[in-house]
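The values are calculated or read from the model by the stated rules, or taken from the named source; none is laboratory data. The model shown is predicted, which means the values in this text are computed figures rather than measured ones. Glycine gets a Cβ as well: all are built from the backbone with ideal geometry, and neighbour counts include every protein chain shown.
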Amino acid sequence: MSSHRQEKLNSLLEQQVGQIILEEADIPPGVLVTVLGAETTEDFKEAKIAVSVFPFARSRQALEILNKNIYHLQQILNKKLRMRPVPKIIFKLDTSEEEADKVEKALKNG
């Protein structure tokens, strides 16, 4: 069960990491990376950041770029947040949009 503090931290991380990606990550033109949510562990040591990539075909490339630059992005987050320790960020790809698209196409064709 998540506490009020954990929910506030998740919301803050979602906002801050989204802003950092927008300003600092070398995402190629024509690729949109959106932070959909953050989920911290109960001890606040790690945070899984769910990202969505459009177009989905470029998602693997975008995720590789984020993971390659994760140390730099983490350093920026560490400077922005006034808490210690700052949760270690882990990027995960949210595929729900792609799955919904597949279901929709199957329903139209079926």
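From the list I27, I49, I65, I21, exactly one residue is touching a residue at least 24 places away in the same chain (Cβ under 8 Å), β-branched (V, I, T), surrounded by 11 or more Cβ atoms within 10 Å (Cβ to Cβ) and part of a strand (DSSP E or B). Which is it?
Residue meeting the stated conditions: I49.
Go through (1) among the β-branched types (V, I, T); (2) at pLDDT below 95; (3) within 19 Å of V33 (Cβ to Cβ) for I65 and report which single condition fails.
(2)
Select from segment 69-110 the residues that are assigned to a helix (DSSP H, G or I) and within 14 Å of the chain's Cα centre (by Cα) and list them in ascending order.
I70, L73, Q74, L77, S96
Report yes if some residue within segment 13-20 is modelled with pLDDT under 95 and among the polar types (S, T, N, Q); otherwise report no.
No, segment 13-20 has no match at all.
Being at pLDDT 95 or above and among the β-branched types (V, I, T) is true for just one of V35, V103. Which residue is that?
Answer to the selection: V35.
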